[in-house]
Amino acid sequence: MAFRIIETCIGCTACVKRCPTDAITGERKALHIIWPELCIDCGACGPVCPVDAILDQYGNVQHMLKKNERPLAFVYEQACTGCEKCVERCPFEALEMVHVKDPNSFLGVVSVIEKNCTGCRECEKACPYDAIFIYRKDRVPDWLKNSRVEKAA
């Protein structure tokens, strides 16, 4: 079951801009709709809705979140193999490869471009090595915060 938009929608288009699959349509200042066949239940739309007009797949209201409360991708760099599956899957170009000083890692690791990331979970689903996770910035576990490797110059 897909997310849906209720009658309190003001047509601000914030959700349209955040949807990675273009599942949301509607005219400005009019009720928008989510096409269930395109919606991947990622939740990227809910945190940007200023009037809490988006319900998740279970019927729960998705509340607007401040920018620092929104979910983001975080890379567990010690597990990242540089396969780029997450980079290829990301609909927002929020991931890029960076070189590291580790001589055992000639492919590099993935780095998150925070301003582009919506926390849609597509990268997390694509990673075959469990090296990428979605968390709110203020709730990232210490083991993940401390997993940084030294980047090459």
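The values are calculated or read from the model by the stated rules, or taken from the named source; none is laboratory data. Because the structure is a prediction, the values reported are computed rather than measured. FYI the Cβ positions are ideal-geometry reconstructions off the backbone, even for glycines, and counts take in every protein chain you see.
Given Glu37, Glu77, Glu27, Glu93, which one is assigned to a loop (DSSP other than H, G, I, E, B), under 19 Å from the mean Cα position of the chain (by Cα) and surrounded by fewer than 17 Cβ atoms within 10 Å (Cβ to Cβ)?
The unique qualifying residue is Glu93.
List every residue pair whose Cβ atoms lie under 8 Å apart, where the two residues are 6 or more positions apart in sequence or sit on different chains, the first residue falls within the stretch 61-89 and is closer than 13 Å to Gly43 by Cβ, and the second residue, located anywhere, is among the aromatic types (Phe, Trp, Tyr).
Within 8 Å, the pairs are Gln62/Phe3; Pro71/Tyr135; Leu72/Tyr135.
If the requirement is being at pLDDT below 95, within 19 Å of Thr118 (Cβ to Cβ) and in a loop (DSSP other than H, G, I, E, B), which of these qualifies: Met1, Met64?
Met64
Please verify whether the stretch 55-73 includes one or more residues that are among the aromatic types (Phe, Trp, Tyr), in the same structural domain as Arg18 (by the TED database) and out of contact with any helix residue (DSSP H, G or I) (no Cβ under 9 Å at 6 or more places or on another chain).
Scanning the stretch 55-73 turns up at least one residue that is among the aromatic types (Phe, Trp, Tyr), in the same structural domain as Arg18 (by the TED database) and out of contact with any helix residue (DSSP H, G or I) (no Cβ under 9 Å at 6 or more places or on another chain).
Within the stretch 4-24, can you find the residues that are assigned to a loop (DSSP other than H, G, I, E, B) and not polar (S, T, N, Q)?
Across the stretch 4-24, the qualifying residues are Ile6, Glu7, Cys9, Ile10, Gly11, Cys12, Cys19, Pro20, Asp22, Ala23.
If the requirement is being modelled with pLDDT of 95 or more, outside the structural domain of Asp22 (by the TED database) and loosely packed, with under 14 Cβ neighbours inside 10 Å, which of these qualifies: Glu88, Glu124, Glu114?
Going through Glu88, Glu124, Glu114 in turn, the sole match is Glu88.
Which residue pairs have Cβ atoms closer than 9 Å, lie 6 or more positions apart in sequence or on different chains, and pair a first residue in the stretch 4-18 that is more than 14 Å from Val61 (Cα to Cα) with a second residue that is hydroxyl-bearing (Ser, Thr, Tyr) and modelled with pLDDT of 95 or more?
If the second residue must be hydroxyl-bearing (Ser, Thr, Tyr) and modelled with pLDDT of 95 or more, the pairs left are Val16/Thr25.
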